Amino acid sequence: MLKQRTATTPLRCIGEPDEIAGAAVFLASKAGSFVTGQSIVVDGGVTI
């Protein structure tokens, strides 16, 4: 299943928790305090 999934992902790997956490940390921080109503896609390019 992993081979099949990574074969169709532009970065050829799955996201690790520390790679995904950056978006969550940004949104929870003061830097993200003015961000509203957005969808931030952290998917390694799968949806492009």
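The values are calculated or read from the model by the stated rules, or taken from the named source; none is laboratory data. Remember, predicted model here, so these are calculated numbers, not experimental data. All Cβ positions, glycine included, derive from the backbone under ideal geometry; neighbour counts span all protein chains shown. For the accessible areas, the whole protein counts, side chains as well, though only heavy atoms, and no ligand, DNA or RNA atoms are used. Shrake-Rupley method; radii C 1.70, N 1.55, O 1.52, S 1.80 Å.
Results, tabulated for the structure shown:
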| item | result |
| --- | --- |
| Rounded to whole Hz, the Karplus (6.51, -1.76, 1.60) HN-Hα couplings of segment 22-35, x for glycine and proline | x, 5, 5, 5, 4, 5, 7, 8, 4, 4, x, 5, 9, 8 |
| Probe 1.4 Å, accessible area per residue of segment 1-46, Å² | 85 |
| Modelled FRET efficiency - R0 25 Å, VAL42 with ALA7, Cβ distances, 0.05 increments | 0.80 |
| Table column - 3J(HN,Hα) (Hz), segment 3-10, Karplus curve with 6.51, -1.76, 1.60, x for Gly and Pro | 4, 5, 5, 6, 5, 9, 9, x |
| Calculated from backbone phi, Karplus (6.51, -1.76, 1.60) coupling profile of segment 11-18 in Hz, x at Gly/Pro | 7, 6, 7, 9, x, 8, x, 5 |
| Calculated Rg and Dmax of the Cα atoms in Å (choose from (1) 13.3, 39; (2) 11.9, 40; (3) 10.9, 34), label | (1) |
| VAL35 accessible area, 1.4 Å probe, all protein chains in place, Å² to nearest 10 | 60 |
| Only Lys, Arg (+1) and Asp, Glu (-1) charged, at Cβ; the chain dipole about Cα centre in debye | 120 |
| Whole-percent carbon and sulfur share, accessible surface of the chain, 1.4 Å | 63 |
| Positive dipole terminus of the chain, leading residue within VAL35, ALA7, PRO17 (C-beta point charges) | ALA7 |
